[in-house]
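Engineer: Before I ask anything, here is the structure I am working with.
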Amino acid sequence: MHFTEENNEEGLRCLLDLVEELRDKATIKVAAYQQRVSRYYNKRVSPRPLRQGDLVLRNSAIADPTGTIGKLAPTWEGPYKIKRVLRPGTFKLETLGGREIARAWNAEHLRKYYQ
């Protein structure tokens with residue numbers, strides 16, 4: 001089969017008709033892959049329950065969003081004490097001296113402190 005303009009246009013029209021179908025198949029495959037990855041991760045992750053009174057370290061990059069602390073500063077700062085649990089995964093912190101930290105903190109940005 002040799003190249004002709006008519007054959008080329010016919011082939012392009014066929015591909016154009018299949019584009020939506022191919023796109024839908026790709027979307028389904030991506031969603032299935034993401035579900036598999038999520039299941040794999042959730043199977044192996046261990047929850048870190050934090051309770052009132054626990055000592056934690058907080059992420060210093062989140063504590064200083066302006067980025068003025070510099071590159072060589074410690075990643076974690078603290079320890080802080082969990083004053084109260086606002087809802088699962090959200091905590092109010094206080095310093096060891098008893099001064100309450102102004103904002104609430106998510107468990108994602110906290111790490112348990114072991115003495």
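Engineer: Can you pull out every residue in the range 89-115 that is of a type in the set (Gly, Ala, Ser) and either surrounded by 14 or more Cβ atoms within 10 Å (Cβ to Cβ) or not in a strand (DSSP E or B) (or both)?
Structural biologist: From the range 89-115, those of a type in the set (Gly, Ala, Ser) are 89, 97-98, 102, 104, 107; that's our starting set.
Listed by number, the residues that qualify are GLY89, GLY97, GLY98, ALA107.
Engineer: Let me ask something additional. Does the range 53-69 hold any residues that are free of Cβ contacts under 8 Å to residues at least 24 places away in the same chain and in a helix (DSSP H, G or I), and which are they?
Structural biologist: Residues of the range 53-69 that are free of Cβ contacts under 8 Å to residues at least 24 places away in the same chain, as a first pass: 60-61, 63-69.
Within the range 53-69, SER60, ALA61, ALA63 meet the criteria.
Engineer: OK, next. Any residue that is basic (Lys, Arg) and modelled with pLDDT under 95 - is there at least one of those in the range 46-55? Write out each step before concluding.
Structural biologist: Narrowing the range 46-55 to residues basic (Lys, Arg): 48, 51.
Restricting the remaining residues to those that are modelled with pLDDT under 95 gives 48, 51.
The answer is yes, given that some residue of the range 46-55 is basic (Lys, Arg) and modelled with pLDDT under 95.
Engineer: Now for a different question. Just need a number here: residues in the range 43-102 that are farther than 16 Å from TYR114 by Cβ and basic (Lys, Arg).
Structural biologist: 8
Engineer: Return the only residue of LEU86, LEU50, LEU72 being touching a strand residue (DSSP E or B) at 6+ places or on another chain (Cβ under 7 Å) and in a loop (DSSP other than H, G, I, E, B). Steps first, answer last, please.
Structural biologist: Numbers: LEU86 fails: in a loop (DSSP other than H, G, I, E, B); LEU72 fails: touching a strand residue (DSSP E or B) at 6+ places or on another chain (Cβ under 7 Å).
From the options LEU86, LEU50, LEU72, the qualifying one is LEU50.
Engineer: Look at the range 17-47 and say how many of its residues are closer than 23 Å to GLU108 by Cα and either part of a strand (DSSP E or B) or β-branched (Val, Ile, Thr) (or both).
Structural biologist: Of the residues in that region, 2 qualify.
Engineer: How many residues are touching an Asp or Glu at 6+ places or on another chain (Cβ under 7 Å) and of a type in the set (Gly, Ala, Ser) when one looks only at the range 21-74?
Structural biologist: Quick first cut of the range 21-74, residues touching an Asp or Glu at 6+ places or on another chain (Cβ under 7 Å) only: 57-58, 60, 63.
From the residues that got through so far, the ones that are of a type in the set (Gly, Ala, Ser) too are 60, 63.
So the answer is 2.
Engineer: Of the conditions (1) at pLDDT 90 or above; (2) under 27 Å from LEU96 (Cβ atoms); (3) surrounded by 10 or more Cβ atoms within 10 Å (Cβ to Cβ), ILE69 clears all except one; give me its number.
Structural biologist: Condition not satisfied by ILE69: (1).
Engineer: Please name all residue pairs, on different chains or six or more residues apart, with Cβ atoms under 8 Å, provided the first residue is in the range 99-114 and is in contact (Cβ under 8 Å) with a residue 12 or more places away in the chain and the second residue is assigned to a helix (DSSP H, G or I) and surrounded by fewer than 16 Cβ atoms within 10 Å (Cβ to Cβ).
Structural biologist: Cβ pairs passing all conditions: HIS109/ILE62.
The values are calculated or read from the model by the stated rules, or taken from the named source; none is laboratory data. Not measured: the values here are computed from a predicted model. Virtual Cβ from ideal backbone geometry, glycine too; neighbours counted across all protein chains shown.
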